[in-house]
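None of the figures in this text is laboratory data; all of them are computed from the coordinates on show. Just so it is clear, the model here is predicted, and its values are computed rather than measured. No Cβ is skipped: glycine too gets one built from the backbone with ideal geometry, and neighbour counts run over all protein chains shown.
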Amino acid sequence: MEDNKDNSVKETEQKPQEQTEGKTGGKTMAEKAIDRFAQMMVTRLEEMKGQQWEKGWIDAGGRTHGLPQNLSGRRYSGHNDFFLQLHTAANGYDVPVYATYKQIKEAGATIAKGEKAMPVIYWNVTHKDENGQKVSDEAYEAMTKAEQEKVKTIPIMMGYYVWNLQQTNFPEIKPEQYAKLQDKFKAPHIEDATGMYTSKEFDQMIDKQAWVCKINNVDGAGAFYSPTKDEITVPTKKQFKIHDTPEEIFKDGMEYYSSIAHEMAHSTGVEKRLGRDMEGHFGDKKYAKEELVAELTAAMVGNTMGFDKRILDNNAKYVDSWMDTLKKEPRFILSVMADVNKASKMILDHVDAQRLEMGMTALQPKEETANGKATETKVAPETKMDIAAEPIAKPKTKAEEKAELAKETAAVFKDLKEKHPDALLLMRKGDFYEAFEEDAKKVAKSTGLKEQHIIKEGFTNKENKEGEKGVSYVNFKNTSLDKYLPKLVRDGHRVAIVDNLEDMAKQRIADRNERQVKAETSKNQQTQQTSQVAKTIPLDQFNKLETEDGKKIDHFAVFKMKSGNYGVRAMVDGQQMSVKALDKEDRNAFFEHTTTKAALVQKYYGKELSQPKQEERSRARAM
């Protein structure tokens, strides 16, 4: 779900003031937010290092679970999830529920004196015409396609500030509503026979092998993911029981599941899934980033499910490198968290599938109600197969999925080019920016980069002068963007940066599949419901020749008229009724025996039957 975009406020210990657009103090609000996030990460790493890795990443202590939301019940998206979880845990708050100054005021609450806000960031777009004047979203939507092509669309990162409910007097003025939120986010204390924390969702996922790759529990083994075998290996749970006190034994169970989550995170990164750069080796820079992604993914998944994640001993060596990079390049956190969000979602989607099978509420509610309570979607075991006896669609092979994604990605690219024909598109993929076709030639000419010719599925692969078949292609490292972008601009190119081309394609495919599933499901449900209703009307009741008020049905017939439509005629109590056109719905119900003759007589002739017969009306006039 998208973040709430209410009016933002400046972070201050005094009464908040409205945030204005533009830069303040040399940096935009979004840039300040990125600096804040990077500093929060550095601080957490320093704390964990100082406590010999006994402190967890988020360190909620298993007190809370679930994803942060605003006061109206909407989830925060993107990078905000993790840092709001971190903020909640660091301050010991009971619920990860946040609100803007405006929302707090509308709720009748006030912010406690001295409380500082948390930034929330999101991507937006701004439109500018040929003269550099800003064009509103409404005006842009009202333009013709030709007019829109003359408008420059610029993606910008924006932000606003929020406060946790415990930074306000909300708990005091609305104790009942706050108590419900506490119940919603309180992590259940579930332990096995040995006193270790247990996760029913992960246990079932392993038992049923319901993850994207095989998970092996092996005595005496270490925890690792093998990309070549596409398998995860983890020690058995009993091997994690290394403490003596009940509290520490309970946490030992958390370590078992957090190790599984860490390796699951690695397994999401291979090319056939999320396609992260995983070519590095233990100890180098690439591997360090992948380990940070896996660590934060496991931490986010764990906190959402109700358990902590500590730094792995093997990864302690990377901490100084992580801190150094974050201090020098705060925007590094955006690249890391983009991968963390995708990996976390993949894992939590599978966790929710197990929860729904067990009749539990999803951790990622798809819809939220206005009162802040998440819509609970539960599936009863006995109804899971009621929709259809056959699968709605034949599952695609991995090769078919890859081909479909390539085709859709090319389609998204072409749509963007059609909408912005004068713009040069740079597509972000992993740690690189890519350009295709004519855009690639322009990039090569302006930057001096070598133009390549590659086969690209979904694109028109033509032969070049050297007889090579493919499309023109140029790529460069994302860290070189500041070097090449000015050159492109100086040469007069309008450059549009697309950070999520493949994600847009995946969303299109998902939306299309969802529409297909809904259509097929609706069709199957209607068929089944019709069948079920038909069984409730016995033949003797269907043929009953008497209306509800006791009138005798002498004759009843449904017939096809010359027009091709169906009609109905009847004689009731010796009175011949006029021919009526039969609705399509009633026609189907009649032939499928899901209604009765008496019901149709009552519907089509009820008004006539309630009037006196002709001879009775004549006799009444004569009198």
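Tabulated data for the structure shown
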| read-out | value |
| --- | --- |
| Least to most buried among Val495, Val336, Val120 (fewest other Cβ within 10 Å first) | Val495, Val336, Val120 |
| Residues with amide H under 5 Å from that of Ala221, placed H, sequence gap 5 or more | Thr236 |
| Karplus-derived 3J(HN,Hα), 6.51/-1.76/1.60, for each residue of region 197-210, Hz, glycine and proline x | 4, 9, 10, 4, 5, 5, 4, 5, 4, 6, 4, 8, 6, 9 |
| Rounded to 5, the percent of DSSP beta bridges in region 189-372 classed as antiparallel | 50 percent |
| Amide H within-cut-off set for Arg494, under 5 Å, with H built and near neighbours excluded | Leu424 |
| For Ile190, distant residues with modelled amide H under 5 Å away | Thr198 |
| Linear extension gain, Ser226 paired with Glu176, 0.36 nm per residue minus alpha-carbon span | 13.0 nm |
| Hull volume in cubic angstrom per residue (convex hull over the Cα atoms of region 398-504) | 103 Å³ |
| Likely footprinting exposure, Thr168, Thr233, fewest C-beta neighbours within 10 Å first | Thr233, Thr168 |
| Neighbour-count order for Val42, Val489, fewest beta carbons within 10 angstrom listed first | Val489, Val42 |
| FRET E, pair Thr236, Glu457, Förster distance 56 Å, beta-carbon r, rounded to 0.05 | 0.85 |
| Sparsely packed GluC sites (Glu not before Pro) within region 194-286, loop by DSSP, other Cβ within 10 Å at most 12 | Glu271, Glu279 |
